[in-house]
1. What number goes with the only condition from (1) at pLDDT below 95; (2) under 12 Å from the mean Cα position of the chain (by Cα) that residue 56 does not pass?
2. Hey, residue 108 hits all of (1) of a type outside the set (Ser, Thr, Tyr); (2) open to solvent by 50 Å² or more (accessible area, probe 1.4 Å); (3) touching a helix residue (DSSP H, G or I) at 6+ places or on another chain (Cβ under 7 Å) but one; which does it fall short on?
3. Just to be sure I understand the filter: pairs with C-beta atoms under 9 Å, separated by 6 or more residues or on different chains, first member in the range 186-197 and farther than 13 Å from residue 127 by Cβ, second member aliphatic (A, V, I, L, M) and surrounded by fewer than 15 Cβ atoms within 10 Å (Cβ to Cβ). Which pairs pass?
4. Tell me which helices (runs of 4 or more DSSP H) are completely within the range 93-197 and hold 2 or more residues being modelled with pLDDT under 90 and β-branched (Val, Ile, Thr), or say none if there are none.
5. In the range 74-107, how many residues are over 24 Å from residue 118 (Cα atoms) and touching a Ser or Thr at 6+ places or on another chain (Cβ under 6 Å)?
6. Here is a list: 126, 168. Which entry is within 15 Å of residue 69 (Cβ to Cβ) and within 19 Å of the chain's Cα centre (by Cα)?
7. Report, ordered by the first and then the second residue, all pairs with beta carbons closer than 7 Å, sequence separation of six or more or different chains, a first member in the range 155-183 that is closer than 20 Å to residue 77 by Cβ and open to solvent by 80 Å² or more (accessible area, probe 1.4 Å), and a second member that is part of a helix (DSSP H, G or I) and of a type in the set (Ser, Thr, Tyr).
8. I'd like to know if the range 69-80 contains one or more residues that are under 20 Å from residue 167 (Cβ atoms), assigned to a helix (DSSP H, G or I) and open to solvent by less than 20 Å² (accessible area, probe 1.4 Å).
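The values are calculated or read from the model by the stated rules, or taken from the named source; none is laboratory data. As the structure is a prediction and not an experimental result, all values here were calculated from the model. Here the Cβ positions follow ideal geometry from the backbone for every residue, glycine too, while neighbour counts run over all protein chains shown. Keep in mind that these areas ignore ligands, DNA and RNA; they rest on the heavy atoms of the full protein, side chains included. Shrake-Rupley method; radii C 1.70, N 1.55, O 1.52, S 1.80 Å.
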Amino acid sequence: MQLKPIIQAKFKKFKDTFELNLLDDGMAFERFVNHAILSFHQPDAFTADSDFLEKVCVGGQQDTGIDGSAIKINGILVKNKEDIDELTDRPKHVSVELIFIQSKYRQNFNVSEFLKFIAGVRDFLADEQKLPRNEKISEMIDLKNYAFNDKFIAKWDSNPTIKLYYTAMGIWRNDRNIKAHADQAKKDILSFNIYEN
């Protein structure tokens, strides 16, 4: 695929840095996008823990349409329950943010893939999950459920925020179908009466 020169250079450097040259470009691109988006949320997220990238890259068989997932507590991306305990131990107020990423190594935005992503996010956020899911998605759901126990909810300063990112290599052309489904997804998430977006 012909990538824009800046993206191509950054993608190549990323693959070299993380030794992903043996991985197919689609899977490497998922990691590239997850790394870029989560580094935007927390610039030092991947400097101290080289395994963290693999933890947040949840794509693969039975990924429910989600390629990347992360949880932020008080502005910090968490890796495990111990991180949640540490970040919520002393503060009187706790903020929670859930991040979901879907990336496509292609030029166009696809409505059916977008809908699969939205369905996977809805299932993740529900009290009871119905979709078959892989081990990494299950681990992230367990982490979410831990952060949502009564001990932590009592400290929430507001409802958890949800961030969804759907990326492709093409140029966004204001696709009315995707926009309509995105608007409906916002309403669906708000209808849980626990999340903000």
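1. Among (1) at pLDDT below 95; (2) under 12 Å from the mean Cα position of the chain (by Cα), residue 56 violates only (1).
2. (3)
3. 196/190; 197/190
4. Ranges flagged: none.
5. The total comes to 2.
6. None of the other options fit; the residue is 126.
7. No pair meets every condition.
8. The answer is no, given that none of the residues of the range 69-80 is under 20 Å from residue 167 (Cβ atoms), assigned to a helix (DSSP H, G or I) and open to solvent by less than 20 Å² (accessible area, probe 1.4 Å).
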